[in-house]
Each structure stands twice: as C-alpha cells, then as structure tokens.
Amino acid sequence: MKIGDKQPPLGLAYIAAVLELKGHNVKIIDAEFENLSSNQIVQRLNPNTDVVGITGTTMVAHELLKIASSIRQKYPSIFLVVGGPFFNALPKETMKTGVFNAGILGEAEFIFPELVNAFEKGIELKKVDSIVYITKGKLKFTGIPAVIKNIDTLPFPARHLLPNLKFYKPKALYKSLPSTTIISSRGCPNKCIFCDNSISRKKVRMHSPERVVKEIELLINKYGIKELDFVDDNLTLSPERILRICRLIRDKNISISWRCLARVDTISKVLLKEMKKSGCWLIAYGIESGNQNVLDYIQKGINLNQIKKAVKLTNEAGIASFAYFMLGFPIDTKQTIDDTIKFALSLNLDYITFNKTVIYPGTKLYNTLLESGSFGKINWFENPPKYIYYHPNISSRELEFKRRRAYLHFYLHPSYIFKKLFRVNSFTQLIKLNIQLIRHLYN
C-alpha cells in the first residue's frame, strides 16, 4: 500500500469503538483512502454482515448513493444506515432515494448501537431516538439530532480497525511523519453563514486536558505518531484549557509536534508562548476576507485589527502562520476581492489558501440564496452535481484568474522566497513548498 494524502475517518472510528464495547464484530472500510470503487467495497463485505453504516460529505454524495445502491443490490437483506455531514444537511432528500433503511441525526456514537440493537431484536424503529426512517411511504423523524453532552464518556477512536496510521499523511504541511489527526472538542458557538454545523450544532463540548494528553500518549506509544493535527473547529476557544494541555505535555516530557486551527480573537502572547513550548509549530486561521463589510456580512465576528495582531503575535512566538481566505461571497465585488488579496499579502503569513466560495446545504448562506432564487434546486446525487451559482458581480473565469494571480504574487514574491530559503534546512522541505504552490494553482 502506498502512502496517501487522506486522513483517518475519526467519526467512523469513534462509532466503531462504542460498537466494540457493546460486543459487536466491527469492520471499517476507508474507501476514500484506499480509492475503492463501489464494486470493490461490496466485495469486501462479509456475506453474513447484518448492518452497514455509510457516511460522506456533500461533494461525494453521488458516490455515497452509488455505494449504497450497490450494497442494496448485492445484499438486499442488509440493514443500511446513513449519517454524516451530507445526510444531516439534507435528511429528507437522502431518505427519499429509497436506498437506506434509516438515517442518524446528529452524533451517532450512541445512536448507532441502539439502532443495531433494534434491528437484532426486532424493536420498532420509532423507539430509537434521533433517527429518520420511512414506513408506509411516509418519512418519520423520531427526535432532534443527538448531541453527546459529556464527550469524555466516549472511548478512544478504534484506530486499530483502520489501515496502518503510518500510511496516512497530510498533503504538504507537516513537520514530522507519521502524522495523524486528533479532536479535543466538538461544536462551534460562532455564526459564520457559510459553515455547516448540522451534526455537532453550536453546543461546544470539550475533552478534559487529562483525557487529551492521555490520547496523545496512546498515539505515540502504540502507533509511533510524531506529529498531530488537531481538527477541532477552534482549538483555542478555551485558552485556559489549552494552557493546561500544553503544560501537561511539558510536565510529562512528551515530545510531539502539532498544528491546529484557531480564531484570531482567542489567542494571546502568553498562550502562543506555551503552545510553542509544547510543540505547536503551525496555526491556521480562518480569516476569509480582507474587507470589513464582507466579514460583517458573513457574520465572522472579527475585525481587521484583530487579524493583524494575531498574525503578528504568532510570528513573534516563532509559530508558522497559515490563513484561509474565501473569494466570491454574494456581496463580493471586484474591489472587495482585490481588498482581500491586498490585505492577505500584507500580513507576512507563512502559508495561504485562497478558496472560491462554495455554498453548501445546511448553511445559512445556502438557505438564504435558495429562498431568494439565486440558484435553482440542485440534485446533489448527480456526478458532478448541477451546482450552478452565477455571481452577480464577477464571472467565474475572472474570479479564477484573480485567485491564481494572488497565489503567484504570494508564493513567488522575492521577500517570501528569501524568508523560506533562509528557513529551509533540507531539500525535502524545499520540495514540499513547491508542491504547496502547485496544488494551490491547480485545485
């Protein structure tokens, strides 16, 4: 097996861990990582399998349906369950395909075992909370999406059921291998209109610092992990908790490099200093726009001065700064897009991403534009889906031109090249930087 560019599906691993504790025989097929076709997935299934759960994101919804249909055709008696981001954004549309027996609303770790138990014992589905099913041609919802109040009650993810963690790796930004992901909190209290939080909702729940550090030790000792990517929506939402985690890492003499995603309004000089000491080498900030009116429109809840200060403090702490920007919000104009690019180039960042705005179901932005008639109803199960949104102020072609030009200006600017050459200490690092630029230009 060759090393891939994917990361472990922690959601499936968490569900599998709970199922194993309940005494079930569980298998995880990471079809994305192994690049399996629907037929290959079906061939992997044990003919005696009783229940299959499938998850997927919006942009692979067509593959999700194709896989489910193949399983249904080969094994009509299998109880087929769907969950995950796409299903929670569009549960009615997914269930109306007629392929699935049930869908899980919200976090599935404790609901999935209940559903399996109901299937095995012939219990009516209406007695299982937080699911969707069809009976007599009618769609039935059994309650609100499940949210686990105390996530410390969850076992560690069943990573032993995944392919060897050493075969996973991030695309370009990593310091040490093997690297893997870890999540220390769930939920986000913020109101960004482009973000889908249909699974975890806005209710924030956090693992205790002791639990987080225990999992870090497990990953090092059992799997030989040398670097971690915290995939929390905002790792620094509670600075006190992160300070405790950082100090525990140091007190236990744990040697690990790590990176994370944070908001610019949650960091401080003291926090960054402790993060650096405990192994943090990169922080990614979701900045999105360099125009204050656009930031206000998307309800980001930050201002340009906070952004400048956060990047400055991060650089001073000796931590690499990475920023995500989005081009093409509905109120964007050629001028506001130029404002964003100019602002981004002024920040002295180490890495940058300019993404074209994609409007996903389950977001406030999607619902607003759908109601206004800005785009028609989309069949997400087509390949590719007929996703048509005509920006009122700029053509797709011009937006792409601006995006690529911004990358060239950033990564090929003499001051940036000099800074990176000064820091690069191996040919491998130089290659990684070149790969980063190429990926941006052709994605």
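Applying the selection to the range 34-75, what residues are part of a loop (DSSP other than H, G, I, E, B), touching a Phe, Trp or Tyr at 6+ places or on another chain (Cβ under 6 Å) and not polar (S, T, N, Q)? Before you say what the answer is, go through the steps one by one.
Keep residues of the range 34-75 that are part of a loop (DSSP other than H, G, I, E, B), which gives 35-37, 45-50, 56-57, 75.
From what is left, the residues that are touching a Phe, Trp or Tyr at 6+ places or on another chain (Cβ under 6 Å) are 56-57.
Gly56, the sole residue that qualifies.
When each of Phe79, Phe86, Phe112 is tested for being closer than 20 Å to Ile134 by Cβ and either in contact with a Ser or Thr (Cβ under 8 Å, 6 or more places away or on another chain) or among the basic types (Lys, Arg) (or both), the lone residue that passes is Phe86. Being surrounded by fewer than 16 Cβ atoms within 10 Å (Cβ to Cβ), more than 22 Å from Val60 (Cα to Cα) and hydroxyl-bearing (Ser, Thr, Tyr) is the requirement here; does Thr97 meet it? The answer is no for Thr97.
Outside the structural domain of Pro361 (by TED's automatic domain parsing) and within 20 Å of Tyr360 (Cα to Cα): does that describe Leu90?
Details: outside the structural domain of Pro361 (by TED's automatic domain parsing): yes; within 20 Å of Tyr360 (Cα to Cα): yes.
Here the answer is yes, as Leu90 does meet what is asked.
Within the range 236-271, being more than 17 Å from Ile302 (Cβ to Cβ), in a loop (DSSP other than H, G, I, E, B) and touching a residue at least 24 places away in the same chain (Cβ under 8 Å) holds for Ser238, Lys252, Ile254, Ser255, Ile256. Among the residues of the range 120-143, those that are among the β-branched types (Val, Ile, Thr) and either surrounded by 13 or more Cβ atoms within 10 Å (Cβ to Cβ) or outside the structural domain of Ser77 (by TED's automatic domain parsing) (or both) comprise Ile123, Val128, Ile131, Val132, Ile134, Thr142. Filtered by the rule that a residue be among the basic types (Lys, Arg) and modelled with pLDDT of 95 or more, the range 121-148 gives Lys121, Lys126, Lys127, Lys140. Summed over the range 282-297, residues that are part of a loop (DSSP other than H, G, I, E, B) and either over 13 Å from Phe194 (Cβ atoms) or in contact with a strand residue (DSSP E or B) (Cβ under 6 Å, 6 or more places away or on another chain) (or both) total 2. State whether the residues of the range 91-104 include one that is more than 17 Å from Tyr133 (Cβ to Cβ) and out of contact with any Cys (no Cβ under 8 Å at 6 or more places or on another chain). Within the range 91-104 (the criterion being more than 17 Å from Tyr133 (Cβ to Cβ) and out of contact with any Cys (no Cβ under 8 Å at 6 or more places or on another chain)), the answer is no, since none of the residues qualifies.
Within the range 213-235, can one find any residue that is under 17 Å from the mean Cα position of the chain (by Cα) and assigned to a helix (DSSP H, G or I)? Yes, the range 213-235 has at least one match.
The C-beta contact set for the range 19-41 (first residue in the same structural domain as Lys66 (by TED's automatic domain parsing) and crowded, with 16+ Cβ neighbours inside 10 Å, second residue at pLDDT below 95 and among the hydrophobic types (A, V, I, L, M, F, W, C), distance under 6 angstrom, 6+ apart or interchain) comprises Ile41/Ala31.
The values are calculated or read from the model by the stated rules, or taken from the named source; none is laboratory data. Not measured: the values here are computed from a predicted model. Glycine also receives a Cβ, built like all others from the backbone with ideal geometry; neighbour counts cover every protein chain displayed.
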